[in-house]
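The block underneath contains the structure these notes are about, expressed in C-alpha cells.
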Amino acid sequence: MNKRRFKDSTFNVMTFISIISVTFLLGMIFWFVFSQGIGLLNFRLLTSDNQAVNYVGAFSSDNYPEFMDPSLESDVHFIERYGIGIAERRDLAGNTVIEFVYVDPDSPFTDIALLNGGSLSVTSGMTLNRVAFIERPAAQRSQGIMNMVSALSDEGNTIRELSFTRPGGGIRASLVSTLYLIGLTLVIVLPFGIMSGLYFSEFAKNNRLTRITRNFIEMLSGIPSIVFGLIGLSVLIPFTVRTTPATGGNLIAGALTLSAILLPIVIRTTEEGFNNVPRPYREASLALGANRTQTSLFIVIPGALSSILTTTFLAIGRIIGESAALIFVLGTAVRDRVGVFDRSPSLAVHIWALMTREPPNIELASTIAVIILIVVLILNLSIKLLVRLLHRGRY
Amino acid sequence: MKNNVIMSNLDKHTQRLLLLFSLFASSVIILIVFFIVTRGMLPFITDNDGLGRVSLFRFLTGTVWLRGATFVSTAYGAGFLVINTLYVVFLSLLISFPISILSALFIAKICPPRIAQMFRMVVEILTAIPSIIFGLVGAGFLLPIIYTLATTLGYRSNAGLGVLGVVIVLALMSIPTLTTISETAIRSVDRSLEEASYALGATRAQTNAKVVLISAKGGIFAATILAVGRALGEATAVSLVAGNAMSGPSFIPFDITATLTSMMLMGLHETSGIDYDIRFSLGIVLLAVIFIVNVTLNFIKKRVGDFGE
C-alpha cells in the first residue's frame with residue numbers, strides 16, 4: 001500500500017513540476033526580454049529615425065548673450081559661453097557619444113549655417129562629433145568629454161566648424177509600417193472573412209461543394225508562413241508592381257500575404273460567432289417578413305459584432321508577430337521613409353534583421369520585443385474582457 | 001406580390017455573391033501549391049543560365065548544399081536538410097510532449113479550479129507570444145548557456161549555435177499549443193469512465209494516468225499533429241539558433257545545423273537565377289514533408305484510436 005502511495009505522489013509531483021516549468025518558461029521569456037530591452041525603451045526611440053544623419057556647419061552669427069546655468073544633472077557639463085549642456089551617453093548602437101542634453105533657446109547652437117546650405121537648430125538628443133577651431137587643434141569626440149568641455153570653454157578658441165549627428169537606431173519606421181500593415185490587412189481580410197463566414201453559417205447547404213470548400217480553407221491553415229512568403233515574393237509583388245505605383249516589395253503585397261495567412265482563422269472564428277447567434281432571433285426576423293439577406297445583415301452580423309471584434313484583435317496579434325512571411329516580401333533593410341508602396345520591415349522583421357546582423361544587437365531587439373509583448377498582452381486581455389462582456393450582456 | 005419576387009431573388013443573389021467569396025478563399029490553397037510547384041520545378045527542367053540542370057535525385061538525397069552562382073555548380077543537396085528537420089522536430093517533441101501532457105493533466109484534473117484558471121492564463125499568454133520572440137530568447141539567453149555547457153563537456157561549439165538550441169526553442173514553442181488542446185481533450189473525457197475506475201478501487205493518480213489520459217488520446221494526438229506541423233514549418237526562430245550548416249546531417253547536439261526553413265531564409269538576398277528558384281524547390285520539399293508526416297501521424301492515430309474506444 002505504501003509503494004502505491006509513493007507511485008501516486010510521484011506522478012502528481014511530476015505533473016506539478018511540469019506546470020511549474022511551463023510557468024517558469026513564461027517568466028524566463030519576460031524576464032529576459034524586459035531586462036535586456038527596458039534600458040533602451042523610451043519615447044525618443046519610438047519617434048526617431050533609424051538612419052543616422054550627419055551635419056557639418058558653423059554659427060550663423062557671433063552675437064549671443066550671457067547664459068545662466070540651468071542646474072542640470074550632475075554628469076552634464078554646462079558650457080556657459082554657448083549655453084549648452086553636454087554629457088557622455090551611450091547611443092542605441094552601444095557606442096559612447098557626446099550628447100546635447102540642454103540647449104538654451106538663445107544659444108548660437110540653435111542657429112547653425114550648414115556647409116551644404118540650409119540651417120539647423122541643434123536639439124537635445126543630437127550628438128557632437130568634432131569641433132574645429134581657428135588656428136587651434138580640433139576637439140574630437142574620441143578624445144573624451146573632458147577635452148571637449150575644456151576646448152569649448154576656452155575663451156581663446158573661436159569655432160570654425162562643427163560636426164553633429166542626429167543619431168539613428170530609432171524604430172519609428174518599423175512602427176509605422178506595422179501600423180500600415182495592420183490597417184491594410186484588416187481592410188482586406190475582414191470583409192472576406194465575414195462574407196465567407198456568413199456563407200458557411202447562413203447560406204451553405206450541407207453538400208459536397210461546401211465540404212470541399214471548407215476542407216480547402218482548413219488546409220490553408222496548415223501551410224507554414226514561410227511558404228506564404230514565397231508566394232508573396234513570386235506572385236503578389238509582381239502583381240502589386242503591375243497594378244500600383246510600387247516598384248519592388250511593398251506594404252500592400254505584405255498585407256495581401258498576411259491576409260492569405262489569416263483567412264482561415266478569420267473565416268473560422270467569424271463563422272463560429274455567427275453560429276452562436278441564437279436561432280430564435282433569426283426565426284423572429286423571418287416571421288416578421290424579412291428575407292434571409294435582411295436577417296443576415298440586420299440580425300446575424302450585429303449579433304456577432306463582439307466576436308468579429310475578437311477576431312480582429314486575434315488578427316492584429318498575428319500581424320504584429322508574423323516574421324517569416326514578411327521577411328521575403330518587405331526585406332530587412334530599415335528605411336525611414338515609409339509609404340504604402342515602399343518596402344519597410346515591420347517590428348517583428350526588424351527584430352530578425354537586428355539578430356542576424358554581425359554582431360547581433362540583442363538590446364534593441366529586446367526593446368522591440370518588449371513593445372510587441374506589451375501589445376500582445378493588451379490584445380489578449382481585451383479578448384478576455386470582450387468574451388466576458390459577450391456572455392454577460394446578450395444571452 | 002412583386003415585392004416578394006424581388007426579395008426572394010435577392011436571397012439568391014446574396015447566396016451567389018457569398019459563395020463566390022468562399023470559393024475564392026478556398027482557391028488560395030490551390031494557387032499557392034500551383035505557384036510553388038511551377039516555380040520550384042524550374043531548376044530541374046531548365047538550363048539555369050548555363051549551369052546545367054539540377055539532378056532531382058541528387059537534390060533529394062544530397063548531403064552538401066553548394067550555392068549555385070558562387071560555386072558555379074548545381075550540386076544542391078537537400079537530403080540532409082530533410083533529415084535535420086525531422087530529427088530536431090522529433091527531439092523537440094520528446095521534450096515538449098511529456099511536459100505539455102502532464103501540465104494539461106494538472107490544470108484539468110489535479111489542481112483546484114481557481115489555480116487552474118491562473119495556469120490556464122499562463123499557457124494562453126505563452127500561446128500568444130510570437131515565434132520571433134522565442135527565437136530572440138533562444139539566441140540571447142540559451143546560446144550562451146549551451147556554449148558554456150559544450151565547452152565544459154569538451155565539445156567545440158560555434159557560439160552555442162546548433163542542434164540543441166533548435167530543439168529547445170522548438171520544444172518551448174510547441175508547449176503552449178500542445179498543452180491547450182490536450183487540456184481541452186482531457187476535460188472532455190466522460191466523467192463516468194473516471195467514476196468506474198474509482199469504483200474499481202483505483203486511486204486518483206492511477207485513474208488520471210490510466211483512464212483519463214488513455215481516453216483523451218485522440219485529442220492529444222490531434223494536438224501533437226498540429227504542433228509537429230507548426231514545428232516543421234517554423235522558420236525565423238530556428239534560423240536564429242541553427243548556425244546555417246552547409247552540409248550534414250548533424251546529429252550531435254552541439255553541431256551547427258540547418259533545416260529546410262532556415263536554408264530558405266538564407267538565400268534571402270537573391271532576386272533571380274537559380275539561388276532564387278531553388279528556394280521554391282525547398283518549399284515543395286517542405287510542403288511534401290509536412291504532408292507525409294501529417295498523413296503518417298493521422299494513420300497512426302486511426303490505428304491507435306481504434307484500440308480501446
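Determine if the stretch B:217-226 includes at least one residue that is aromatic (Phe, Trp, Tyr), touching a residue at least 24 places away in the same chain (Cβ under 8 Å) and part of a loop (DSSP other than H, G, I, E, B). There is no residue in the stretch B:217-226 that is aromatic (Phe, Trp, Tyr), touching a residue at least 24 places away in the same chain (Cβ under 8 Å) and part of a loop (DSSP other than H, G, I, E, B).
Only one of the listed residues (A:ILE252, A:ILE261) is open to solvent by less than 20 Å² (accessible area, probe 1.4 Å) and touching a residue at least 24 places away in the same chain (Cβ under 8 Å). That residue is A:ILE261. Scanning the stretch A:121-131 for residues that are open to solvent by 50 Å² or more (accessible area, probe 1.4 Å) and out of contact with any Phe, Trp or Tyr (no Cβ under 6 Å at 6 or more places or on another chain), which turns out modelled with the highest pLDDT? Out of the qualifying residues, it is A:ARG130. Select from the stretch A:93-148 the residues that are over 28 Å from A:ALA365 (Cα atoms) and polar (S, T, N, Q) and write down the one among them that is farthest from the chain's Cα centre (by Cα). Among residues in the stretch A:93-148 that are over 28 Å from A:ALA365 (Cα atoms) and polar (S, T, N, Q), the one farthest from the chain's Cα centre (by Cα) is A:ASN147.
A:THR247 meets all of the listed conditions (1) within 22 Å of B:SER272 (Cα to Cα); (2) at pLDDT 90 or above; (3) open to solvent by 30 Å² or more (accessible area, probe 1.4 Å) but one, namely (2). Considered as a group, the residues in the stretch B:217-268 that are facing chain A (nearest Cβ under 9 Å) and open to solvent by 40 Å² or more (accessible area, probe 1.4 Å) include one that is nearest to B:PHE134 (Cα to Cα), and that residue is B:ARG230. Taking the criterion of being part of a helix (DSSP H, G or I) and either modelled with pLDDT under 90 or surrounded by fewer than 18 Cβ atoms within 10 Å (Cβ to Cβ) (or both), the residues of the stretch A:266-281 that qualify are A:GLU272, A:ASN275, A:ARG279, A:PRO280, A:TYR281. Of the helices (runs of 4 or more DSSP H) that lie entirely inside the stretch B:13-121, those containing 2 or more residues that are touching a Pro at 6+ places or on another chain (Cβ under 9 Å) span B:79-105. For the criterion of being among the polar types (S, T, N, Q) and either modelled with pLDDT under 75 or outside any helix (DSSP H, G or I) (or both), B:THR296 fails.
For the stretch A:1-54, filtered to residues that are surrounded by fewer than 18 Cβ atoms within 10 Å (Cβ to Cβ) and within 16 Å of A:ASN361 (Cβ to Cβ), the residue that is nearest to the chain's Cα centre (by Cα) is A:LEU41.
Residues are listed down the side, and each one gets a yes or a no for (1) at pLDDT 80 or above; (2) closer than 17 Å to A:LEU162 by Cβ:
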site: A:THR47; (1), (2): no, no
site: A:ASN54; (1), (2): yes, yes
site: A:ALA58; (1), (2): yes, yes
site: A:GLU88; (1), (2): yes, no
site: A:GLY94; (1), (2): no, no
site: A:PRO105; (1), (2): yes, no
site: A:THR110; (1), (2): yes, yes
site: A:LEU114; (1), (2): yes, yes
site: A:SER119; (1), (2): yes, yes
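Exactly one residue among B:SER103, B:SER92, B:SER22 is of a type in the set (Gly, Ala, Ser), farther than 30 Å from B:PRO176 by Cα, open to solvent by less than 10 Å² (accessible area, probe 1.4 Å) and at pLDDT 90 or above, and that residue is B:SER22. Any residue at all in the stretch A:132-155 that's of a type in the set (Lys, Arg), in contact (Cβ under 8 Å) with a residue 12 or more places away in the chain and within 15 Å of A:GLU88 (Cα to Cα)? Yes, there is a match, as at least one residue in the stretch A:132-155 is of a type in the set (Lys, Arg), in contact (Cβ under 8 Å) with a residue 12 or more places away in the chain and within 15 Å of A:GLU88 (Cα to Cα). Filtering the stretch B:189-208 to residues that are small (Gly, Ala, Ser), within 20 Å of B:ILE107 (Cα to Cα) and open to solvent by 30 Å² or more (accessible area, probe 1.4 Å) leaves only B:SER192.
Selection of first residues in the stretch A:14-36 that are more than 7 Å from chain B (Cβ to nearest Cβ) and of second residues that are hydroxyl-bearing (Ser, Thr, Tyr) and open to solvent by 40 Å² or more (accessible area, probe 1.4 Å), restricted to Cβ pairs under 6 Å at least 6 apart or on distinct chains, gives an empty result.
Would you please list the contacts, defined by Cβ atoms under 6 Å and residues six or more apart or on different chains, that run from a residue in the stretch B:33-55 that is away from every other protein chain (no Cβ under 14 Å) and of a type outside the set (Ser, Thr, Tyr) to a residue that is assigned to a helix (DSSP H, G or I) and surrounded by fewer than 16 Cβ atoms within 10 Å (Cβ to Cβ)? The qualifying pairs are B:PHE44/B:LEU56. Looking across the stretch B:269-292, the residues that are modelled with pLDDT of 90 or more and open to solvent by less than 10 Å² (accessible area, probe 1.4 Å) come down to B:PHE280, B:SER281, B:LEU282, B:GLY283, B:LEU286.
Checking every residue in the stretch B:197-205 against the condition of being within 30 Å of B:MET266 (Cβ to Cβ), in a helix (DSSP H, G or I), within 11 Å of chain A (Cβ to nearest Cβ) and not hydrophobic (A, V, I, L, M, F, W, C) gives zero matches. Scanning the stretch A:349-364 for residues that are within 11 Å of chain B (Cβ to nearest Cβ), under 20 Å from B:SER131 (Cβ atoms) and free of Cβ contacts under 8 Å to residues at least 40 places away in the same chain yields A:ILE351, A:TRP352, A:ALA353, A:LEU354, A:MET355, A:THR356, A:PRO360.
There is at least one residue in the stretch A:174-193 that is loosely packed, with under 14 Cβ neighbours inside 10 Å and aliphatic (A, V, I, L, M).
Would you please name the residue that is most open to solvent (accessible area, probe 1.4 Å), looking only at residues in the stretch A:311-337 that are under 23 Å from A:ASN275 (Cβ atoms) and more than 13 Å from chain B (Cβ to nearest Cβ)? Filtering the stretch A:311-337 for residues that are under 23 Å from A:ASN275 (Cβ atoms) and more than 13 Å from chain B (Cβ to nearest Cβ), the one most open to solvent (accessible area, probe 1.4 Å) comes out as A:THR312.
The values are calculated or read from the model by the stated rules, or taken from the named source; none is laboratory data. This is a predicted model, so every value here is computed, not measured. Heads up, the Cβs are rebuilt from the backbone with ideal geometry, glycines too, and the neighbour counts pull from every protein chain shown. Accessible surface is based on the protein model in full, side chains and every heavy atom, while ligands, DNA and RNA are left aside. Shrake-Rupley method; radii C 1.70, N 1.55, O 1.52, S 1.80 Å.
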